[in-house]
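Nothing in this text is a laboratory measurement; each read-out follows from the coordinates by a stated rule. Predicted, not measured: the structure shown is a model, and the values here were computed from it. Neighbour counts are summed over all protein chains in view; Cβ atoms, including those assigned to glycine, are modelled from backbone coordinates with ideal geometry.
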Amino acid sequence: MASSVVRYGLRMRETFSVVNQDVAQWFPGHMAKGLNQMQRKLKSVDCIVEVHDARIPISGRNPLFEHTLSAIKPHVLVLNKMDLADLRHRNSIVKHHTKEGIKHVIFTNCKRPESRGIKSIIPTVAEMIKNTERYNRSEETVYQLMVIGVPNVGKSSLINALRAKYLRKSKATQVGGLPGITQSVLEKIKVCEDPKVYLLDTPGVLAPKIRDVETGLKLALAATIKDHLVGEENIADYLLYRLNKNGNHSYVKYLNLEEPTDNIRQLLGLAAVNNGWKRKVRTQSGTQVIPDLQLSASKFIKGFRMGVFGPMILDDLENMKD
């Protein structure tokens, strides 16, 4: 049983627990194949650009990248979706990664190709490459980068944003709101003419074993794991826990509720009834219309992903204050 605390007149959970822990074992076969493909391409790469979701700046990064890719080549960490993240602890996030050996951290919003973050990537990478021994690529005048990251953090969106910024070109690679759009390492894509820079898009690769269930739920809430593999109700319950823990009850208005709650079944049921979200089920006596709890969960989760509840960071940063 999770402990609780009285907040705003409600008894809220201080910790989160979940019965279904299958999320910790999720590792599709194409991800292992993708990592092998990346390793084979390393000889033709000058710099690794790791893209991650700024809402989970610490947790969820694949430790295999450090051992197999970024430790071998110059490495920059791009924290994307900064428009959805609470960046009051931005400096602390940078300091944390600096201690981990990551010297270059760039915050971006790939929806805005003219933003400062997007503009700084090519100059930063070019400077890093100039100051690094390129060995077999020392005679090359073309820079080749590899974009890596867990699923659905914006790798393809970053490539498209750079092309829009420097080449004024339309989309070069498919972008989607679901994890797993890019399935294999693609041919090189030009993103800049001066200097001449090409990028390799890659499939999202999660760690073969997620560290703990809560990390898995953060990844799922940020849409890096497909919802049905974790369960929409589990994801929605974790979101409710995080919002209540932060004293954020904006979900009440969004879901057309009367008051906050810490009970996910109550929230989903009331939201379905109040918004007319129904579904038909077959019974022995015929067809019955019942509240659609799964639709309620999906709407709730979508609200977070759209930023309806305001900018958030899912990692606990209490010990990282400036």
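Between Lys119 and Lys99, the contour length at 0.36 nm per residue exceeds the Cα-Cα span by 4.7 nm.
For the peptides 266-273, 152-159, 310-317, the ranking by packing is 152-159, 266-273, 310-317, with the highest mean count of neighbouring Cβ atoms within 10 Å listed first. The simple Förster model, with R0 at 41 Å and r as the Cβ-Cβ distance, assigns Thr132 and Met306 a FRET efficiency of 0.55.
Net length available on complete extension from Leu317 to Val252 is 20.8 nm, with 0.36 nm assigned per residue and the Cα-Cα distance removed.
If neighbour count is taken as other Cβ atoms inside 10 Å, put Glu139, Glu50 in order from fewest to most.
Fewest-to-most ranking of Glu139, Glu50: Glu139, Glu50.
Rounded to the nearest 0.05, the FRET efficiency derived from the C-beta distance between Arg40 and Glu193 at R0 = 25 Å is 0.35. Remark: for residue pairs Lys81/Lys280; Lys99/Lys190; Lys81/Lys190; Lys278/Lys302, the C-alpha separation exceeds 27 Å in Lys81/Lys280; Lys99/Lys190. The stretch between Arg11 and Arg282 holds 93.8 nm of extra length on full extension. This uses 0.36 nm per residue minus the Cα-Cα distance. The residues Glu127, Glu214, when put in order of fewest to most other Cβ atoms within 10 Å, stand as Glu127, Glu214.
If R0 is 45 Å, the Cβ-Cβ spacing of His228 and Ala71 corresponds to a FRET efficiency of close to 0.85.
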